[in-house]
Amino acid sequence: MFPLHDPLDEITRRELAEYDDLVAALLARRGVVTKEDAEKFLSPSYDLHLHDPLLMIDMPKAARRFADAILAKEKIVVWSDYDCDGIPGGVLMHDFLQKVDANFENYIPHRHDEGYGMNVTGIESLAKNGAKLIVTVDSGITDIEPIARAAELGMQVIVTDHHLPGEKLPDAFAIVNPNAREDETYPYKSLCGSGVAWKLVVATLAMLRDSRPTSPRLRGATELPLGWEKWLLDMVGLATIADMVPLTGENRLLATYGLLVLRKSPRIGLQKLCRGMRVEQRSISEDDVGFMIAPRVNAASRIGEARDAFNLFTTHDENEASALAKKLERANRQRKAETGAITRAVHTRLKERGEMRSVIALGDPEWRPALLGLVANTIADEYERPVFLWGREGNMRLKGSMRSGDGTHALDLMRAAVDTFEDFGGHKAAGGFTVRDDAIFFLEDKLVEAHARLEMREEDDSLAHHVDAVITPEEATEALLKKVERLAPFGQENPKPVFLLREVALQEISRFGKAQEHLKLKILVDAERQNTMDAVTFFIKGPIARAVDTLTAGDKVNIIAHIERDTFSRGAPVRLRLLDIRLI
């Protein structure tokens with residue numbers, strides 16, 4: 001029913017002898033099989049484990065040009081994406097350039113009106129305002145035409161990005177992207193966009209420090225103390241966790257130190273945001289970033305202006321910070337309301353059609369494309385099949401998002417129906433697409449046919465679908481949680497450990513939330529003393545949704561769950577986060 005991982009082999013167990021069975025097994029399942037790698041994984045060191053940014057192709061060239069532009073007071077423009085990778089990257093660039101007294105501005109394209117990446121209209125407006133150097137963040141690698149136009153207008157472009165390139169690279173002054181070239185020399189390829197931008201800042205700072213003795217512009221108020229760049233890691237950590245890049249290698253280090261800086265960050269906007277969300281800043285976790293902070297940052301561009309999130313993190317004015325934090329909270333509530341309305345509309349249309357096909361493809365010109373990934377994720381989880389949802393952008397293009405839902409590789413499915421799309425991209429589980437107007441009416445038919453043509457689906461080897469250990473409710477203690485927390489922060493390729501609890505007695509079953517959309521079980525820990533612990537899930541769906549209506553108090557069940565802290569209850573007790581439940 002619930003597959004268990006294979007036990008450790010003897011060689012690996014000896015290599016990880018200083019760790020107990022559970023920690024050793026969890027390390028090995030993450031590819032950490034030597035003593036040295038285990039020490040690096042469990043105790044990442046800023047001084048020992050960061051790679052030299054100058055190892056990245058074009059980094060020396062880019063950092064020298066960036067430093068020279070700062071010293072010469074050339075007009076610099078930071079062009080960043082509008083999501084929770086691009087915005088933090090734009091913020092850290094802003095803080096750096098402000099610190100060195102540069103002549104600069106930040107440009108964030110409007111999600112609905114301009115779309116992702118650079119555009120010729122924006123480039124031309126920057127040229128009119130005197131820009132000489134453009135530095136991109138989390139974008140640029142596929143923007144051939146806008147970068148060519150920048151060159152025609154006398155501007156140079158430094159691309160910092162982490163996305164895969166198209167058929168050719170743009171003709172930029174420098175391209176700093178560990179995924180851009182097959183001969184890349186940087187040892188870690190999975191940095192997020194903000195991580196790459198921060199690497200450019202670190203390299204440029206080193207060159208500016210070398211220039212300081214001969215440059216009066218860098219004396220006095222703009223002294224650059226060693227280690228100052230660490231304060232920018234709050235934004236790098238926020239982006240690394242929010243952008244769902246693998247939390248392995250260098251990303252694990254950046255996320256770990258990023259959380260430490262977030263907990264101490266003097267940013268008044270972050271403090272106001274945390275208070276409004278009832279998140280304790282001094283104990284911010286990766287879950288707080290992923291489920292509380294990032295959605296509000298992304299809501300700024302999905303519903304209104306990405307600039308609001310940018311201004312929140314850069315302002316020093318307490319009144320402005322309060323107003324912006326409240327504005328993002330309102331945007332997030334509106335985002336929830338609109339995604340809820342679209343989700344209900346999808347449910348209604350699926351019920352009306354009756355037949356459930358192997359792929360769901362629905363759309364409406366009135367749906368905001370920016371919200372459709374969230375809805376597609378919910379529908380794909382519920383119906384366990386690929387879901388494509390589309391709406392119309394401000395530029396009148398039909399654009400949407402897809403989620404896999406059943407293990408089908410998202411890109412493989414879109415490639416199999418390639419003549420349907422103007423453009424598409426993504427990864428195994430999710431993607432985005434633009435559809436030709438004349439193809440939209442046959443989109444689902446084409447995708448169903450393509451799905452049938454795929455000869456075999458990749459098996460889902462996610463650790464979340466395997467059990468790391470079998471425990472009893474009595475063993476779900478603070479001591480076990482502390483062992484688990486040694487492997488935090490959790491995320492892509494470092495998922496939270498999964499535990500199986502067999503024949504658990506249900507003491508109480510209840511729903512909570514405004515729409516009764518969440519589930520809480522009280523499970524018996526000690527029958528003699530009638531001690532219980534909570535097991536919860538938010539937004540009931542998938543196998544839990546199928547099981548919940550069959551459960552009654554007194555039933556015995558098998559469950560799989562994460563172990564976590566209930567930070568909203570007094571004393572932050574240990575609880576379980578339900579992943580699956582089966583009646584015995």
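Computed values, structure above
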item: For TYR107, distant residues with modelled amide H under 5 Å away; result: VAL78, TRP79, SER80
item: Length-normalised contact order for the range 460-583 - Cα pairs under 8 Å, 6+ apart - percent; result: 25
item: Radius 13 Å from Cβ of GLU320, net charge of other residues (Lys, Arg +1; Asp, Glu -1); result: +2
item: Segment GLU384-ASP183, extension gain: residue separation times 0.36 nm, minus the distance between their alpha carbons; result: 68.4 nm
item: Low-density loop positions, trypsin sites (Lys or Arg not before Pro), the range 369-431 - DSSP coil, at most 11 other Cβ in 10 Å; result: none
item: For the range 134-280, Kirkwood radius (reciprocal of mean inverse C-alpha pair distance, Å); result: 17.2
item: At R0 = 22 Å, FRET efficiency that the Cβ-Cβ distance of ARG344 and HIS518 yields, to 0.05; result: 0.80
item: Lys, Arg +1 and Asp, Glu -1 on Cβ, resulting dipole of the range 355-453 about Cα centre, debye, nearest 20; result: 260
item: Centroid-to-centroid separation of the range 114-154 and the range 1-50 [C-alpha atoms, Å]; result: 45
item: Entries of LYS336/LYS514; LYS73/LYS128; LYS199/LYS230 with Cα pairs more than 19 Å apart; result: none
item: The chain - Rg over Rh from alpha carbon coordinates, Kirkwood radius; result: 0.97
item: Tail weight of P(r) past 18 Å, computed on alpha-carbon pairs of the range 355-453, percent; result: 35
item: Relative contact order %, the range 53-230, counting alpha carbon pairs below 8 Å whose residues are six or more apart; result: 27
item: Cα pair distances of the range 225-349 binned at 10 Å [whole percent]; result: 13, 41, 31, 12, 3, 0
item: Two-site label geometry, ARG502 and ALA72: point separation in nm, points 7 Å out along Cα→Cβ; result: 7.2
item: Kirkwood Rh and Cα Rg combined as Rg/Rh, the range 53-230; result: 0.95
item: Gain upon complete extension [LEU50, THR567; 0.36 nm per residue less C-alpha separation]; result: 182.9 nm
item: Share, in percent, of DSSP beta bridges within the chain that are antiparallel, nearest 5; result: 65
item: Projected-area mean, the range 287-358, by convex hull of Cα positions, square nanometres; result: 6.4
item: Pair VAL548, ARG357: separation of 7 Å Cα→Cβ label points (nm); result: 3.0
item: Listed residues ASN332, ILE141, ALA479: farthest to the positive end of the dipole of the chain (Cβ charges); result: ASN332
item: Cα-based reach from LYS496 at 17 Å (exclusive), listing lysines while leaving out same-chain residues under 8 positions away; result: LYS482, LYS483
item: The range 511-577: chymotrypsin sites (Phe, Trp or Tyr not before Pro) falling in loop per DSSP and having at most 15 other Cβ within 10 Å; result: PHE538, PHE539, PHE568
item: Normalised contact order of the chain, rounded percent, pairs of Cα under 8 Å and 6 or more residues apart; result: 11
item: Translational D in µm²/s for the range 1-156 (Stokes-Einstein at 20 °C, 1.002 mPa s, Kirkwood Rh from C-alpha pairs); result: 112
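We did not get these values from a lab; they are worked out from the coordinates using the rules stated. The structure presented is a predicted model; accordingly, all values stated were derived computationally and were not measured. Note that we place each Cβ from the backbone using ideal geometry, even for glycine, and neighbour counts take in every protein chain shown.
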